[in-house]
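Down below is the structure, laid out as structure tokens.
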Amino acid sequence: MAFDVIGLLISVATVYGIFTLLSLSLNLEYGYGGQPNFGQVLFYGIGAFSAGLVSATLLPLFAGRAVGDVCSIGALVTREAISASNPLLSVSTWLIALVVAALVASIFGFLASYPALRVKEEWYLSMILLVGAEMFRVIVRNTPQFGCGYNGLPGISNPFGWISSNSNSPLLIDLSTGLYAMAILGFATLSYIGAQRFANSPYGRLLKSVRDDRILSEALGKDVKRVREQIMVIGSAMAGLAGALYVFYIGVAIAEDYIASVTFSIWVMIVLGGIANNRGALVGTIALIGLQKGTQILGVLLQQASIAVDSNLLVYLDYMVEAAILLLLILYRPKGLIPEQAVKTVAYRSFDSGGKDQHA
Amino acid sequence: MLEWLVDSIVLSIFIGSIYVLASLGLTLTLAVVKLPNFAHAEFLTIGAYTGAVISSSFPENFLLMGVGAFVVSGLIAVVIHFLVYKPMMDRKISIYTMVLASFAVATFVRYGVFSWASISNLLSTHPSVSIVVVGSIGTTPITNIYEIVVPLALVLSAVVGLFLTVTRLGKSMRAVASNFELARVTGIRLSIVVPFMWVIAGGLAGLGGVFLGIYTAVTPVLGSSLLLQIFAVVIIAGLTSMSGTVIGGYIVGFAENTLMAALNNFFGVPFTFEPLLPFAMILVVLMFRPTGLTPNMMSGIAYARRWLNRSKTKVPKEGE
């Protein structure tokens, strides 16, 4: 083959895992909780930057070196040397960074839910979160003290990078990136199982009732504001985790990666798959990632066949196709590929199977 | 000395005028069809490119550029209405989904312009018009563009205001805005009023885009980079007030330029933080005063009027 198939599969798996986390989190917030989060990229970005900063600070600290200025070339070289030579340190720092990223993002989710849940009209919430995400980007890009400003915070290595550090063998490089992709898919699977259990629990039904009729839920004695706060916190933590996983994959935390188009893609994924449906989120995510990667492969193939096509043009067409998919879905198939299904309570399962697996 | 102040005030009035042109249409959209149209800023891009293309055949012809941009942006707005928004409104789709759909329209139009511009090699272009300095205030030069835009924005907002209060079509537009169902049962032809509203909304934004393109440069992100600023204007105006939008445009213009220049001068805040000012305005207004500042402006005007007329309307005292 003309290009690296294994490398391609690994990168598809990595990006798929990260976006599965994002689409599951938005699906929990919007599909189940009814919160139209148009600023999901804010929590993704917060997760990425906090993970980057934690890893850049802790690696030299644990190795007994001076931390100094994390943006400097010297610090970058030190970090990379430590993570290439010390497996234990690099994996443990990575895990700490993931936890911190999820925590920081969930704190911001709580803070964002405060104004967002108190606004008068429904779409104000979307506006506030959208503006919040843009503010974050402007602040991070122009504040060198936080995340190194415009150039971003570089040198956040793959936690399994030590496998291939002493050789140039492509097999070992694939092994280290493949291992990382497996780890990401592991997180995605865990969060899918979690989301599935969550959605089919009494709490999931409470969320749906809050989404469908707030006044009714309140009349039944449910604390609607509290529930909406909780779902924002959980969703943001998942998005923050996705951001942290992404930053260790791409190696640099840079503000321009966290633009509104990312949020838009996540929305297309969940609408395509079917809102309030975790399986739908998985399907929608793979469809969109397939589209995006497909355009990239098409670009490479066209280049190899020496057909001169501007590679940017393919990216533009990709965005146009995404937007067209979304519009057509809203018009002709608003429930998505897999429509929302009834919550699987014990009673429902028993009814569904004709009373056969009551003890299941 | 105070050159920065004069400079920034002159610039504020210019940018404010462009914001007024860009936002009037969004206010109209929000009032008549209740749609927060996130694709509105793309009309500026379309207008700017139309102006640039026209100017390559007819250089220096501001009238033709303006009219062409108005017509093309207006028509595209109507096409979007018929293809996307009208079918969705007929299906009574929820407001969140409409917002999402307007995002999709914006993305589609923006990358459509991107594709066309990259094929035609126009990713960043300048309309062929010459910017001439025609006068100055202190040391601050005043250009011919400035002399066109500022009066144009004021005159057009007055024209739109007159149109809404005097003509039959304008009155029916206001009727639709205040009560959709009632307007329909009264026999107002929605099939005429709503598309006409889109022509005005898209056209005014396109016109603003022409002058913005002359002032900066025509790129496919010309409009979308100002989306949230335009929303800030409309939100400050309380979403549906036309006179509020005119004032709101200048408020945002002054905040971004004069206030920013002052912050830079006195506190050393770098100019790169400029977008944070309108963003912060959106957050503060939505959270604490979702009706916008128009009621305050109106009560301020009423108060001033009372104060001016205080001698005439004096209440007679007891026993007089």
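The values are calculated or read from the model by the stated rules, or taken from the named source; none is laboratory data. Predicted model only: the values in this text are computed from it and were never measured. Neighbour counts are summed over all protein chains in view; Cβ atoms, including those assigned to glycine, are modelled from backbone coordinates with ideal geometry. When the accessible area is computed, the model is the full protein with side chains, heavy atoms only, and any ligands, DNA or RNA have been set aside. Shrake-Rupley method; radii C 1.70, N 1.55, O 1.52, S 1.80 Å.
Points to keep in mind about this one:
- B:ALA48 falls short on exactly one of the conditions (1) outside any helix (DSSP H, G or I); (2) touching a strand residue (DSSP E or B) at 6+ places or on another chain (Cβ under 7 Å); (3) not charged (D, E, K, R), and that condition is (1).
- Exactly one residue among A:LEU88, A:LEU42, A:LEU59 is within 30 Å of A:VAL210 (Cβ to Cβ), assigned to a helix (DSSP H, G or I) and not β-branched (Val, Ile, Thr), and that residue is A:LEU42.
- A:VAL283 vs. criteria free of Cβ contacts under 8 Å to residues at least 60 places away in the same chain and in a helix (DSSP H, G or I): yes
- Residue among B:THR165, B:THR107 that is within 14 Å of chain A (Cβ to nearest Cβ), assigned to a helix (DSSP H, G or I) and of a type in the set (S, T, N, Q): B:THR107
- The listed residues are B:GLY292, B:GLY244, B:GLY249, and the only one of them that is in contact with a Phe, Trp or Tyr (Cβ under 8 Å, 6 or more places away or on another chain), in contact (Cβ under 8 Å) with a residue 12 or more places away in the chain and of a type outside the set (S, T, N, Q) turns out to be B:GLY249.
- Residue in the range A:253-275 that is over 30 Å from A:TYR150 (Cα atoms) and more than 14 Å from every other protein chain (Cβ to nearest Cβ) present: yes
Yes/no per residue for (1) under 28 Å from B:ILE192 (Cβ atoms); (2) of a type in the set (Val, Ile, Thr); (3) surrounded by fewer than 24 Cβ atoms within 10 Å (Cβ to Cβ):
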| residue | (1), (2), (3) |
| --- | --- |
| B:GLU3 | no, no, yes |
| B:ALA22 | yes, no, no |
| B:ALA31 | yes, no, yes |
| B:HIS40 | yes, no, no |
| B:VAL99 | yes, yes, yes |
| B:TYR111 | no, no, yes |
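- From the options A:ARG137, A:ARG141, residue that is facing chain B (nearest Cβ under 9 Å), within 23 Å of B:PHE279 (Cα to Cα), open to solvent by 20 Å² or more (accessible area, probe 1.4 Å) and at pLDDT 80 or above: A:ARG141
- On inspection, B:PHE70 does not qualify as under 20 Å from B:LEU30 (Cβ atoms), open to solvent by 20 Å² or more (accessible area, probe 1.4 Å) and more than 9 Å from chain A (Cβ to nearest Cβ).
- Counted as qualifying within the range B:200-308 are the helices (runs of 4 or more DSSP H) with 1 or more residues that are among the hydroxyl-bearing types (Ser, Thr, Tyr), namely B:242-254, B:294-308.
- The condition (being surrounded by fewer than 16 Cβ atoms within 10 Å (Cβ to Cβ), of a type in the set (Val, Ile, Thr) and in a helix (DSSP H, G or I)) is satisfied by just one residue among A:VAL54, A:VAL12, A:VAL77: A:VAL77.
- The residues of the range A:204-222 that are open to solvent by less than 90 Å² (accessible area, probe 1.4 Å) and more than 17 Å from A:LEU26 (Cα to Cα), listed by number, are A:LEU206, A:SER209, A:ASP213, A:ARG214, A:SER217, A:ALA219, A:GLY221.
- Candidates A:LEU130, A:LEU89, A:LEU61 - the one that is modelled with pLDDT of 80 or more, open to solvent by less than 60 Å² (accessible area, probe 1.4 Å) and more than 14 Å from every other protein chain (Cβ to nearest Cβ): A:LEU89
- Residue match in the range B:80-95 (condition: outside any helix (DSSP H, G or I) and either modelled with pLDDT of 95 or more or among the hydroxyl-bearing types (Ser, Thr, Tyr) (or both)): yes
- Every residue from the range B:160-173 that is touching a helix residue (DSSP H, G or I) at 6+ places or on another chain (Cβ under 9 Å) and either touching a residue at least 40 places away in the same chain (Cβ under 8 Å) or among the hydrophobic types (A, V, I, L, M, F, W, C) (or both): B:VAL160, B:GLY161, B:LEU162, B:PHE163, B:LEU164, B:LEU169, B:MET173
- Unique match (being surrounded by fewer than 24 Cβ atoms within 10 Å (Cβ to Cβ), away from chain A (no Cβ under 14 Å), out of contact with any Pro (no Cβ under 8 Å at 6 or more places or on another chain) and under 26 Å from B:PHE266 (Cα atoms)) among B:PHE62, B:PHE58, B:PHE14: B:PHE14
- Condition check for A:LEU282: within 14 Å of chain B (Cβ to nearest Cβ) and touching a helix residue (DSSP H, G or I) at 6+ places or on another chain (Cβ under 9 Å): no
- Boolean, A:PHE19 is in contact (Cβ under 8 Å) with a residue 12 or more places away in the chain, in a helix (DSSP H, G or I), farther than 20 Å from A:ALA84 by Cα and touching a strand residue (DSSP E or B) at 6+ places or on another chain (Cβ under 6 Å): no
- Each residue in the range A:166-185 was checked for being open to solvent by 30 Å² or more (accessible area, probe 1.4 Å) and either assigned to a helix (DSSP H, G or I) or closer than 22 Å to A:ILE96 by Cα (or both), and 10 of them qualify.
- Among the residues of the range A:234-279, those identified as in contact with a Lys or Arg (Cβ under 8 Å, 6 or more places away or on another chain) and part of a loop (DSSP other than H, G, I, E, B) are A:TYR258, A:ILE259, A:GLY274, A:ILE275, A:ALA276.
- Per-region count, the range A:105-119, residues open to solvent by 40 Å² or more (accessible area, probe 1.4 Å), away from chain B (no Cβ under 14 Å) and either out of contact with any Asp or Glu (no Cβ under 9 Å at 6 or more places or on another chain) or not in a helix (DSSP H, G or I) (or both): 2
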